[in-house]
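Asker: Could you have a look at this structure, given as structure tokens, before my questions?
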Amino acid sequence: MDWPDEWLLSLSWTLKVSVVTLVVLALSAASVMKFTGWGRNFKALTLSHFIPGRSWASWQPILSITAVLVLAIVGVRLQVLDSYFQNGLYTAFQKRDASQFYRYMGIFGFIAAVNVVQVMLSYFLGQLLVIRWRVWLTNEMLTDWMTDRSYHVANFLPDAVDNPDQRIQEDINSFTSNSQDLLLGAVSAIISTCSFVAVLWTLSGPMSVFGFQVPRAMTFAILIYVTVASVVVFKVAHPLIRLNFVKEALAASFRYALVRLRDNSESVAFYSGERVERRNLDSGFRAVIGNAWDLVHRNVKLNGLNIVVTQLSVVIPFILQAPRFFSGAVSLGDMQQTASAMGQVHDSLSFFRNNYDTFATYRATIDRLIGLKKVNAQARKMPTLSIGTDRRLDVRRLTINLPTGQPLIEDLTFTLGTGDTLLVKGPSGCGKTTLLRALAGLWPYADGQVRRPTGTQALFLSQRPYLPLGTLRQSLYYPEDTATDSDPARGVDILHRVQLGHLAERIDEPRDWGRILSPGEQQRLGFARILLNRPRIAFLDEATSAMDAGIELMLYRLLRDDLPECTIVSVAHHHTLESVHTNHLDLSGSGGWALSEISGTVKG
């Protein structure tokens with residue numbers, strides 16, 4: 001072989017194959033996305049990432065994947081050249097030709113150098129593609145999950161998805177990396193098969209099969225062998241798709257149970273509920289282990305078949321080519337190249353067989369991600385109560401139902417002006433908290449008109465305020481950023497005013513404050529938020545349930561003194577709060593209500 005001409009031929013071959021591969025890949029992708037379920041899900045999930053626009057950044061994904069594919073094709077060509085190198089090297093050994101030996105050593109050095117560059121570039125560009133893809137898809141999924149509060153409204157759906165956090169964090173990482181690995185592996189396998197079949201074709205001779213002379217028989221033999229083996233393995237491996245999907249769901253549920261126990265450790269410890277919690281954890285873990293054994297049994301069959309097929313493929317080329325070698329029809333180099341080429345054809349065709357379980361996991365990952373997107377879309381279609389903007393709280397003919405359709409509150413109408421206060425009372429389960437959810441626009445089973453201050457001008461406090469991870473100052477200013485306040489000392493002053501002065505020195509200490517502070521301290525921190533954010537209206541849902549009556553009254557009077565124009569709506573059972581509210585709303589739980597004002601009583 002004339003190696004200088006071979007380098008030019010390789011360059012031309014790489015360019016031609018790259019163009020053909022990109023065209024065929026585009027047509028194949030279009031067909032898969034049109035005619036297969038998982039392809040349609042892939043299209044809905046991420047195709048827009050690879051559609052270039054006017055900006056340079058929008059071209060980066062398609063250019064990156066093109067570069068990675070071209071480098072994969074270069075890698076295949078290097079393998080072909082390596083097979084010719086081995087042929088020449090072993091032929092030089094057979095002829096005891098030292099000059100040819102050193103010549104091929106020089107050729108090997110060049111091939112090895114190019115291969116090192118190709119491998120390093122492939123890795124870097126591949127990681128660049130995957131990381132940018134992961135960043136884009138994570139941003140897309142987070143935006144989709146949080147738009148219109150889908151992360152919360154989805155809880156009202158009958159078929160809400162499990163563990164969206166795990167889908168966004170783990171499944172996206174798995175999806176992007178497996179997409180690249182499977183694509184490059186498949187492209188390399190197909191091109192490698194075609195390339196080395198051509199090599200085998202030149203090395204194969206005729207063979208007598210049942211009395212018939214079959215030309216180039218060795219080439220047909222390896223193709224038939226691997227094809228039959230792959231069909232058998234696919235049949236054995238098919239149940240892995242469902243098993244891998246279940247594995248992800250069970251593992252995520254077990255992990256969530258562990259996290260939930262950690263987050264509620266104090267309550268469990270007070271109840272001495274370890275026995276019940278352990279039983280629940282054991283039940284979840286047994287399901288995980290049961291699925292793991294199902295996967296083991298299926299993979300034992302799959303791996304056993306793969307090993308048998310691979311072991312047989314090692315000796316087949318020597319068995320088929322041995323008669324021609326002993327007869328002198330082929331050289332030792334031809335024998336070695338035959339074994340190498342046949343091994344490459346076998347490995348390439350076996351890619352789909354060996355990676356069937358990976359593809360099964362990949363399909364399950366796509367199903368989980370697209371499932372989250374579908375649930376988010378369903379959540380956005382849930383009916384929502386339109387909230388208009390006004391300086392007052394104006395409620396007109398508000399009707400609130402349970403998901404079953406049973407009415408909790410019917411035709412509620414009232415208006416609260418600037419600085420008015422309303423105490424919502426009633427028996428447990430009558431809809432007090434649900435009313436606040438409806439006024440916040442979080443309850444889908446409501447109808448009517450509500451106008452109130454919106455955005456940062458409205459603040460809702462639950463019985464146990466949410467404390468984000470970070471410093472105490474960040475928890476204090478939540479949902480605003482600490483950078484919005486030009487006076488850092490103001491936060492320290494407010495901590496003292498709500499009886500949290502003992503925490504002032506730790507205000508910039510990063511901790512999981514939701515686990516450190518007592519319920520009463522967390523509720524006082526909620527009042528501090530109101531003082532800092534100074535909203536036009538504040539909704540307090542059992543926001544003083546963990547306080548004694550003295551601190552409770554002190555905090556309400558503090559709000560009245562500092563924020564006299566703030567409208568306050570409270571849900572509480574304590575009768576002590578009646579004296580600090582100018583309006584009382586009593587709910588019956590069956591649709592009825594009674595609004596008592598300073599000037600009299602309005603009933604509905």
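Asker: Please work out if Arg490 is part of a helix (DSSP H, G or I) and either over 34 Å from the mean Cα position of the chain (by Cα) or not hydroxyl-bearing (Ser, Thr, Tyr) (or both).
Answerer: Answer is yes for this residue.
Asker: Sticking with this one: Could you list all residues from the range 218-240 that are open to solvent by less than 10 Å² (accessible area, probe 1.4 Å), more than 18 Å from Leu302 (Cβ to Cβ) and of a type outside the set (Val, Ile, Thr)?
Answerer: Scanning the range 218-240 gives a single hit, Met218.
Asker: If a residue must be among the hydrophobic types (A, V, I, L, M, F, W, C), surrounded by 16 or more Cβ atoms within 10 Å (Cβ to Cβ) and within 25 Å of the chain's Cα centre (by Cα), how many such residues does the range 24-49 contain?
Answerer: Total satisfying the criteria: 5.
Asker: Okay, moving on. When the range 393-412 is examined, which residues are found to be of a type in the set (S, T, N, Q) and open to solvent by less than 50 Å² (accessible area, probe 1.4 Å)?
Answerer: Listed by number, the residues that qualify are Thr399, Asn401.
Asker: Okay, next question. Checking the structure you have, find out if any residue of the range 528-549 is of a type outside the set (D, E, K, R), more than 44 Å from the chain's Cα centre (by Cα) and modelled with pLDDT of 90 or more.
Answerer: no
Asker: Report yes if some residue within the range 364-375 is modelled with pLDDT under 85, open to solvent by 50 Å² or more (accessible area, probe 1.4 Å), out of contact with any Asp or Glu (no Cβ under 6 Å at 6 or more places or on another chain) and farther than 15 Å from Val231 by Cα; otherwise report no.
Answerer: no
Asker: Mind counting the residues in the range 404-420 that are closer than 23 Å to Pro564 by Cα, of a type in the set (S, T, N, Q) and part of a strand (DSSP E or B)?
Answerer: Adding up the residues that qualify gives 1.
Asker: Among the residues of the range 377-392, what is the count of those that are open to solvent by less than 50 Å² (accessible area, probe 1.4 Å) and farther than 13 Å from Leu435 by Cα? Explain how you work it out, then say what you get.
Answerer: From the range 377-392, those open to solvent by less than 50 Å² (accessible area, probe 1.4 Å) are 377, 379, 382, 385, 387-388, 390; that's our starting set.
Next, from what is left, pick out any that are farther than 13 Å from Leu435 by Cα: 377, 379, 382, 387-388, 390.
Of the residues in the range 377-392, 6 are open to solvent by less than 50 Å² (accessible area, probe 1.4 Å) and farther than 13 Å from Leu435 by Cα.
Asker: Assuming Asp390 fulfils every condition listed in (1) in contact with a Pro (Cβ under 8 Å, 6 or more places away or on another chain); (2) charged (D, E, K, R); (3) over 28 Å from Gly592 (Cβ atoms) apart from one, which condition is it?
Answerer: Unmet for Asp390, out of (1) in contact with a Pro (Cβ under 8 Å, 6 or more places away or on another chain); (2) charged (D, E, K, R); (3) over 28 Å from Gly592 (Cβ atoms): (3).
Asker: To continue, here is another question. For the range 459-473, how many residues are assigned to a loop (DSSP other than H, G, I, E, B) and open to solvent by less than 30 Å² (accessible area, probe 1.4 Å)? Write out each step before concluding.
Answerer: Taking the range 459-473 first, the residues assigned to a loop (DSSP other than H, G, I, E, B) are 462-469.
If we keep only those that are open to solvent by less than 30 Å² (accessible area, probe 1.4 Å) as well, we get 465, 467-468.
Selection size over the range 459-473: 3.
Asker: Only residues that are under 27 Å from Pro564 (Cα atoms) and of a type in the set (D, E, K, R): list them for the range 421-465, please.
Answerer: The answer is Lys425, Lys432, Arg437, Arg451, Arg452, Arg464.
Asker: While we're here: Select from the range 494-510 the residues that are in contact with a strand residue (DSSP E or B) (Cβ under 8 Å, 6 or more places away or on another chain) and of a type outside the set (A, V, I, L, M) and list them in ascending order. Reasoning before the result, please.
Answerer: Just the residues of the range 494-510 that are in contact with a strand residue (DSSP E or B) (Cβ under 8 Å, 6 or more places away or on another chain), to begin with: 507-510.
Correct list: Asp508, Glu509, Pro510.
Asker: Further question: List every residue pair whose Cβ atoms lie under 7 Å apart, where the two residues are 6 or more positions apart in sequence or sit on different chains, the first residue falls within the range 388-413 and is within 16 Å of Ser428 (Cα to Cα), and the second residue, located anywhere, is assigned to a strand (DSSP E or B) and among the hydroxyl-bearing types (Ser, Thr, Tyr).
Answerer: Pro407/Thr399; Ile409/Thr399
Asker: Identify all residues within the range 131-155 that are open to solvent by less than 50 Å² (accessible area, probe 1.4 Å) and either over 24 Å from Phe42 (Cβ atoms) or among the aliphatic types (A, V, I, L, M) (or both); write none if there are none.
Answerer: Leu137, Met141, Val153, Ala154, listed by residue number.
Asker: Shifting gears a bit: Quick one: is Leu585 more than 26 Å from Asp481 (Cα to Cα) and in contact (Cβ under 8 Å) with a residue 60 or more places away in the chain?
Answerer: Against the criterion (more than 26 Å from Asp481 (Cα to Cα) and in contact (Cβ under 8 Å) with a residue 60 or more places away in the chain), Leu585 qualifies.
Asker: Quick check: is even one residue across the range 66-81 over 42 Å from the mean Cα position of the chain (by Cα) and over 25 Å from Ala26 (Cβ atoms)?
Answerer: Looking only at the range 66-81, we keep the residues that are over 42 Å from the mean Cα position of the chain (by Cα), and these are none.
Within the range 66-81, not a single residue is over 42 Å from the mean Cα position of the chain (by Cα) and over 25 Å from Ala26 (Cβ atoms).
Asker: Within the group Asp159, Asp171, which residue is assigned to a loop (DSSP other than H, G, I, E, B), touching a residue at least 60 places away in the same chain (Cβ under 8 Å) and charged (D, E, K, R)?
Answerer: Matching residue, one of Asp159, Asp171: Asp159.
Asker: Out of the range 414-465, which residues are at positive phi and under 31 Å from the mean Cα position of the chain (by Cα)?
Answerer: Listed by number, the residues that qualify are Gly441, Gly455.
Asker: Further, regarding this structure: Can you tell which of Gly431, Gly514, Gly448, Gly441 is touching a residue at least 40 places away in the same chain (Cβ under 8 Å), open to solvent by less than 80 Å² (accessible area, probe 1.4 Å) and over 24 Å from Thr544 (Cα atoms)? Working first, answer last.
Answerer: Numbers: Gly431 fails: over 24 Å from Thr544 (Cα atoms); Gly514 fails: over 24 Å from Thr544 (Cα atoms); Gly441 fails: over 24 Å from Thr544 (Cα atoms).
Of the residues listed, the single one that is touching a residue at least 40 places away in the same chain (Cβ under 8 Å), open to solvent by less than 80 Å² (accessible area, probe 1.4 Å) and over 24 Å from Thr544 (Cα atoms) is Gly448.
Asker: Further, regarding this structure: Taking the residues in the range 496-511 that are in a helix (DSSP H, G or I) and over 36 Å from the mean Cα position of the chain (by Cα) as candidates, determine which candidate is surrounded by the most Cβ atoms within 10 Å (Cβ to Cβ).
Answerer: Residue satisfying both the conditions and the ranking: Leu503.
Asker: Of all residues being open to solvent by 70 Å² or more (accessible area, probe 1.4 Å) and in contact (Cβ under 8 Å) with a residue 40 or more places away in the chain in the range 414-428, which is nearest to Leu558 (Cα to Cα)? Just the residue, please.
Answerer: Thr418
Asker: For residues that are of a type outside the set (A, V, I, L, M, F, W, C), at pLDDT below 85 and open to solvent by less than 20 Å² (accessible area, probe 1.4 Å), tally how many sit in the range 180-210.
Answerer: Qualifying residue count, the range 180-210: 2.
Asker: Determine if the range 157-179 includes at least one residue that is modelled with pLDDT of 90 or more, among the aromatic types (Phe, Trp, Tyr), within 14 Å of the chain's Cα centre (by Cα) and open to solvent by less than 30 Å² (accessible area, probe 1.4 Å).
Answerer: Within the range 157-179, one or more residues are modelled with pLDDT of 90 or more, among the aromatic types (Phe, Trp, Tyr), within 14 Å of the chain's Cα centre (by Cα) and open to solvent by less than 30 Å² (accessible area, probe 1.4 Å).
Asker: Which one of these is among the small types (Gly, Ala, Ser) and open to solvent by 60 Å² or more (accessible area, probe 1.4 Å): Ser331, Ser265, Ser327?
Answerer: When all the criteria are applied, what remains is Ser327.
The values are calculated or read from the model by the stated rules, or taken from the named source; none is laboratory data. None of the values given here were measured: they were computed from a predicted structure. Cβ sites come from the backbone with ideal geometry, for glycine too, and all protein chains shown count toward neighbours. To get the accessible areas, we keep the full protein, side chains included, count just its heavy atoms, and leave off ligands, DNA and RNA. Shrake-Rupley method; radii C 1.70, N 1.55, O 1.52, S 1.80 Å.
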